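As C-alpha cells, the structure follows; a few thoughts come after it.
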Amino acid sequence: MYARTVGGQPLLFQVSGKLWGDSLVMRDDRTGSEWSHILGTCVAGKLKDTKLKLVPSIITSWKSWRESHPHTTVSVLSRTAPEFNVDMYDQPDGFLVGLRHGGEVVAYPLAELLEHPVINDTVGDEPIVVAYDPKETGAMIFRRTLDDAVIDFDAQDGDFTGGGSRWNRTTGIALDGPHKGKRLLRLSAILSFANAWRRFHPNARIYRHAEP
C-alpha cells in the first residue's frame, strides 16, 4: 500500500494492463506515467524515478481486523479474480514477506514463518521482530527497541511475547505485564509472490532460521 500524493497532488491509479517482470504495472490518471506496484516507483513517463511513500498494511480477515479496530470502515468491491483467495497460501513456498529498511533488503519466506512465527532479526542496523499469524496469513514487522532497550520476542502457546508482556500481533500494543499499553513502532513490509520479489531484489538476503 502506498500514499498516492505526489508533489502535493493526489493521483488516481489504474491497472495499465501491462506486466513488468511478471508483476503489475499501474498507470496514473494525471500524467499517464507507469508505476511498478512492487517497487512503488515510476518506471516510465513524466514522473519517472519518482517513488511513492510506502504505508504499513496487513493482509488479514475482516473478523480479526474488526476485533482490533471496531470503528473501522470497509470498502466493498466486486470480485474480479476468484482464484485469489485464502487457499493461495496453502503453497507457502510461493510467498514471502519483504522488507526494505536502512539500506538493506530482506525476505522472510512464508515457509520459515510457519515454522517460526516470531523472528528476531536485525535489518539495516535496526533490531526488528517479525510477528506472523498463521490463522490470518498476516505478518507484521516492528522495531524491537522500546524505552532505549532491545526486547527479544518469542512465540509461547500461540501468543506473541517479550519483555514480560504479551503483545497484539496486529497493533504491536502490549496487552499485559510491565509494558502494558505501550506500542511498538511498525515498519512497512509487503507480502509478495516469492518469484516476483526475487526478480526485483536479486541481491536480497533470504532469512533462514539457524538452530542454536
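The values are calculated or read from the model by the stated rules, or taken from the named source; none is laboratory data. The model shown is predicted, which means the values in this text are computed figures rather than measured ones. Neighbour counts run over all protein chains shown; Cβ positions are idealised from the backbone, glycine included.
For region 143-196, a residue qualifies if it is part of a loop (DSSP other than H, G, I, E, B) and on the phi > 0 side of the Ramachandran plot, and the qualifying residues are D147, D148, D157, G158, G163, G164, G172, G181. When the test is whether a residue is of a type outside the set (D, E, K, R), surrounded by fewer than 17 Cβ atoms within 10 Å (Cβ to Cβ) and within 30 Å of G21 (Cβ to Cβ), P178 does not pass it. Can you run down the residue pairs with Cβ atoms below 7 Å, 6 or more apart or on separate chains, where the first is in region 23-52 and farther than 20 Å from V97 by Cα and the partner is among the basic types (K, R) and assigned to a loop (DSSP other than H, G, I, E, B)? Hits for this filter: T31/K46; S33/K46; S33/K48; C42/K48.
Close Cβ contacts (under 6 Å, 6 or more residues apart or on different chains) running from residues in region 167-185 that are in the same structural domain as D157 (by TED's automatic domain parsing) to residues that are surrounded by fewer than 20 Cβ atoms within 10 Å (Cβ to Cβ) and acidic (D, E) comprise R169/D133. G163 fulfils the conditions (1) of a type outside the set (K, R); (2) closer than 26 Å to P70 by Cα; (3) touching a helix residue (DSSP H, G or I) at 6+ places or on another chain (Cβ under 7 Å) except for a single criterion, (2).
Only residues that are touching a Pro at 6+ places or on another chain (Cβ under 9 Å) and either in contact (Cβ under 8 Å) with a residue 60 or more places away in the chain or not basic (K, R) (or both) were counted in region 122-151, giving 11. Those strands (runs of 3 or more DSSP E) of region 1-72 in which 2 or more residues are hydrophobic (A, V, I, L, M, F, W, C) occupy 13-19, 24-28, 41-44.
Within region 26-49, the set of residues being acidic (D, E) and at positive phi comprises just one member, D49. Evaluate the following for R205: is it loosely packed, with under 15 Cβ neighbours inside 10 Å and either of a type in the set (A, V, I, L, M, F, W, C) or without any contact (Cβ under 8 Å) to a residue 40 or more places away in the chain (or both)? So R205 does not fit the description; no. Restricting attention to region 127-142, report how many residues are out of contact with any Leu (no Cβ under 8 Å at 6 or more places or on another chain) and either assigned to a strand (DSSP E or B) or at pLDDT 95 or above (or both). Here the count works out to 4. Residues in region 89-101 include at least one that is among the aromatic types (F, W, Y), modelled with pLDDT of 85 or more and touching a Phe, Trp or Tyr at 6+ places or on another chain (Cβ under 8 Å).
In this structure, V76 does not qualify as in a strand (DSSP E or B) and either at pLDDT below 85 or of a type outside the set (S, T, N, Q) (or both).
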